[in-house]
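The values are calculated or read from the model by the stated rules, or taken from the named source; none is laboratory data. What you see is a predicted model; the values in this text were computed from it and never measured. Quick reminder, even Gly has a Cβ in these numbers, built from the backbone with ideal geometry, and neighbours come from all protein chains shown. Note: areas computed on protein heavy atoms with side chains; ligands, DNA, RNA excluded. Shrake-Rupley method; radii C 1.70, N 1.55, O 1.52, S 1.80 Å.
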Amino acid sequence: MPVTLSPSAERYLANLAEQRKLSGHTVTAYRRELETLLGLASNEAPPLAIEALRSPQIRRYAAKLHARGLGPRSIARALSAWRGYYTWLARYEDATDNPVADVHAPKLGKRLPKALSEDLTMRLLDAPHQNENAGANAEADRFARRDAAIFELFYSSGLRLSELVGLDIAYAKEPCHASSGWIDLVGGEVTVTGKGNKRRTVPVGSKARDAITQWLAERDACVKADPHPLFLSARGARLSGRTIQSRLKAHAQRAGMPAHVHPHVLRHSFASHMLQATGDLRAVQELLGHASIAATQVYTSLDFKRLAEVYDAAHPRARRK
């Protein structure tokens with residue numbers, strides 16, 4: 001059954017979008033979790049408004065989500081969204097307490113990022129693209145070069161899918177358009193707007209620059225109504241994230257990858273390979289655009305040997321003589 005959120009809940013979601021500047025995907029996720037909570041509360045006898053809930057009901061609802069087959073991570077995500085709403089209510093609408101404050105999800109198992117080895121990453125990026133060498137189909141060759149530029153840029157700069165989709169060919173600020181991200185091949189860098197509306201600039205490696213240069217030689221043939229996007233579809237529109245995902249999946253399958261490869265795998269691979277090479281957690285945090293170092297620390301599990309070597313070299317009581 002469709003549910004209708006309360007005016008307070010709608011004001012909260014508007015605050016997330018307009019004041020906190022969260023992405024549309026994030027706000028939609030919060031809405032979905034609040035609708036789930038309202039659905040659970042509506043099954044009470046009599047039905048309850050979510051603003052009237054207390055801790056016992058929240059605990060019972062978390063148990064119901066678990067009984068439905070939701071994993072610890074999904075339940076934790078729901079509780080986090082609910083907790084955020086009640087925190088906002090207490091601050092701006094005089095609610096008395098937060099019924100989610102002391103409710104916790106089942107313990108999360110430690111999940112490491114899925115990253116390719118360096119050898120597999122090189123194999124993926126060096127694999128011939130569909131029709132790249134055929135020469136019989138100019139349009140197929142053109143979009144093979146586009147895909148090569150996209151995949152190289154993912155791995156070169158560790159971008160999120162949404163960040164890459166939003167890239168423009170150059171910075172532009174016009175009445176109907178303002179760039180959220182853009183490429184600067186002369187400077188060898190890409191500027192993106194990530195989570196929390198935070199902007200960062202990341203280097204672009206030589207392989208990615210070469211691939212992008214080849215794509216730019218073909219790009220003008222695709223430009224139609226919108227001249228801004230860096231990566232264009234056959235219709236001249238900004239390339240969608242779904243299309244990028246499917247193109248990468250197909251390319252990985254042709255390259256014989258042993259696992260499903262999606263854009264975030266290349267971001268994880270970038271992060272783990274950079275950490276292995278440098279051991280500089282703070283630098284990797286900045287490159288990835290993580291707000292907290294804790295989000296980056298998960299990659300340390302992939303390279304404990306490197307950290308042990310740093311410890312042996314640096315600790316006064318552990319230095320080798």
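Points worth noting:
- Across the accessible surface of the chain, with the other protein chains kept in place and a 1.4 Å probe, carbon and sulfur atoms take up 51 percent.
- Label point 7 Å beyond Cα of residue 66 along Cβ direction - residues of the stretch 74-97 with amide nitrogen under 12 Å: 75-76
- P(r) weight above 25 Å for the stretch 115-252, C-alpha pairs, percent: 23
- Label of the coordinate-derived value, mean projected area of the Cα convex hull in nm², listed as [x] 22.8; [y] 16.8; [z] 18.2: [x]
- Amide N of the stretch 1-29 lying under 20 Å from the label point, which is placed 7 angstrom from the Cα of residue 42 along Cα→Cβ: 1-14, 28-29
- With all protein chains kept in place, the per residue accessible area of the stretch 82-237 amounts to 54 square angstrom at a probe of 1.4 angstrom.
- Helix-only mean residue ellipticity at 222 nm for the chain, each DSSP H run of n ≥ 4 adding -39500 (n - 2.57), per residue, nearest 500: -16500 deg cm²/dmol
- At 0.890 mPa s and 25 °C, Stokes D of the stretch 238-295 from Kirkwood alpha-carbon radius, µm² per second: 188
- Peptides 205-211, 290-296, 173-179 ranked from most to least packed, by the mean per-residue count of other Cβ atoms within 10 Å: 205-211, 290-296, 173-179.
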